[in-house]
1. Loop only by DSSP, 15 or fewer other Cβ within 10 Å of the Cβ. Give me the trypsin sites (Lys or Arg not before Pro) in the range 32-90 that pass, ordered by residue number.
2. Relative to the longest principal axis of the chain, what angle (0 to 90°, nearest 10) does the C-alpha long axis of helix 93-102 take?
3. Within a 10 angstrom radius of the beta carbon, how do ASP64, ASP90 rank from fewest other beta carbons to most?
4. As I understand it, the value is the acute angle between the Cα axis of helix 65-75 and the longest principal axis of the Cα atoms of the chain; what does it come to in degrees, rounded to 10?
5. Mean residue ellipticity at 222 nm from the helices of the chain, using -39,500 (n - 2.57) per DSSP H segment of n ≥ 4 over the full residue count, to the nearest 500 deg cm²/dmol?
6. What is the diffusion coefficient of the chain in µm²/s, taking the Kirkwood radius over Cα pairs and the Stokes-Einstein relation at 37 °C with a viscosity of 0.692 mPa s?
7. Which aspartates and glutamates, on any chain, are close to LYS18 with Cα under 18 Å apart, when same-chain ones fewer than 8 places away are left out?
8. Take the chain, connect every pair of alpha-carbon atoms lying under 10 Å apart with a spring to form a Gaussian network, then pick out the residue of VAL24, VAL43, VAL72 with the largest mean-square fluctuation.
Amino acid sequence: MSGVSILITTIDDEDKAKALARAVLAERLAACVQIAAIASHYVWKGEYCETREWRLEMKCRGADYPALAALVRRLHSYETPEILRIDAADADLAYAAWLNGETRRD
């Protein structure tokens, strides 16, 4: 196991996405956050919805995932935010070393 995890969430506003990215990077809970515009189709409270959202993929240490998820949950504007964890089965050693260095909080 590489110890690298990815938290995925979506949000309805690009400025909110950028603010969330800045917050998790400032806390050193993620080493990298990628933001991409997407079209989301879903059912919410029995209603079909089609909206523009921004997907954030946050690369973090596996051990930091609970704290990262808690921060995202606290700062997120949605009633029920998407918070998904993907654990990397393997990560390039140089990338994992960089990630660990960028999220060190001594």
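1. When the trypsin sites (Lys or Arg not before Pro) of the range 32-90 are filtered for loop state and at most 15 Cβ neighbours within 10 Å, LYS45 remain.
2. 80 degrees
3. Arranged by neighbour count, lowest to highest, ASP64, ASP90 become ASP90, ASP64.
4. 40 degrees
5. When only DSSP H runs of four or more count, the value is -10000 deg cm²/dmol.
6. Translational D for this selection: 229 µm²/s.
7. Counting by Cα, and skipping residues close in sequence, LYS18 has these aspartates and glutamates nearby: GLU27, GLU53, GLU57, GLU82.
8. Between VAL24, VAL43, VAL72, it is VAL43 that shows the largest mean-square fluctuation.
FYI, it's all coordinate maths here, none of it is from the lab. From a predicted model like this one, the values you see are computed outputs, not experimental measurements. Backbone-built Cβ (ideal geometry, glycine too); neighbour counts: all protein chains shown.
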